[in-house]
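K.L.:
Please read through the structure below; I'll follow up with questions.
The values are calculated or read from the model by the stated rules, or taken from the named source; none is laboratory data. The model shown is predicted, which means the values in this text are computed figures rather than measured ones. Surface areas here come from the heavy atoms of the whole protein model, side chains and all, with no ligands, DNA or RNA. Shrake-Rupley method; radii C 1.70, N 1.55, O 1.52, S 1.80 Å.
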Amino acid sequence: MFVENLFPPIPSEVILPLAGYWAAQGRASLAIVIVAGTLGSVAGAALWYSVGRWIGTARLKRFAMHHGRWLTLTPTDIDEVSAWFARHGRWAVLFGRLLPGIRTLISVPAGVTAMPVGPFLLWTTIGSAAWTTVLVVAGYELAARYERIATYVEPVSNAILALAALWYLWRVATFGRKRR
């Protein structure tokens with residue numbers, strides 16, 4: 001799960017049900033699989049949070065002044081996002097940890113906006129534990145039919161990632177245009 005957070009194309013939607021399947025076969029402990037998956041996920045999130053803290057708001061704003069199109073953000077947008085994140089960061093982190101494609105990325109704005117590390121780790125752990133538990137238990141319960149999980153979850157994950165990519169491309173293409 002740590003590696004899944006570093007390289008998001010590695011799908012937790014396949015890894016975790018497989019681990020649950022192994023637990024159902026007696027090859028692993030269900031509780032240990034859930035704890036290990038959660039800890040790996042939190043460790044990966046903490047790494048990206050640290051990257052965000054290193055970048056910081058000031059550095060991100062300087063980058064946005066020169067390369068804002070690729071971030072699809074202006075320095076003013078960064079101020080607005082920072083204010084929003086200050087108000088809603090805990091919910092963004094909690095629910096972001098439950099969404100494919102967002103799971104890893106939500107840690108960066110938490111770090112950039114200097115969300116306190118304690119609340120970040122708390123909400124990240126809760127969201128990661130929920131995600132991990134659902135997928136591991138699904139693999140455990142379906143046992144020999146665990147491939148069916150990927151049949152349902154993988155297309156939804158791919159659709160979310162495709163929509164995110166299309167949204168990003170639209171933002172890049174329309175960056176700087178004034179809306180009427």
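K.L.:
On the protein heavy atoms, probe 1.4 angstrom, tell me the percent of accessible surface of the stretch 11-55 carried by carbon and sulfur.
P.N.:
Exposed carbon and sulfur together represent 74 percent of the surface.
K.L.:
Moving to a separate point now. Ignoring ligands, DNA and RNA, what accessible area per residue does the chain give at 1.4 Å, in Å²?
P.N.:
58 Å²
K.L.:
Separate question: How do R87, R103, R171 stack up against each other in accessible area, from largest to smallest, with a 1.4 angstrom probe?
P.N.:
The residues order as R87, R171, R103, largest area first.
K.L.:
Put T76, T124 in order of accessible area, largest first, 1.4 Å probe: what do you get?
P.N.:
Per-residue accessible area, sorted high to low, gives T76, T124.
K.L.:
Next up: Please compute the volume of the convex hull spanned by the alpha-carbon atoms of the chain and report it per residue in Å³.
P.N.:
Considering the Cα atoms of the chain, their hull volume per residue is 113 Å³.
K.L.:
Based on the Cα gyration tensor of the stretch 68-147, what are the three equivalent ellipsoid semi-axes, each the root of five times an eigenvalue, rounded to whole Å and given largest first?
P.N.:
31, 15, 8
K.L.:
In addition: 222 nm [θ] for the chain, helices only, -39500 (n - 2.57) per DSSP H run of 4+, per residue, to 500?
P.N.:
-27000 deg cm²/dmol
K.L.:
Here is a further query. Based on DSSP H assignment, which helices of the chain show an axial Cα extent of at least 27 Å together with a mean Kyte-Doolittle hydropathy greater than or equal to -1.0?
P.N.:
Details: long enough: 30-71 (49 Å, 0.69); 117-142 (37 Å, 1.22); 147-174 (40 Å, 0.71).
Helices passing the filter in the chain: 30-71, 117-142, 147-174.
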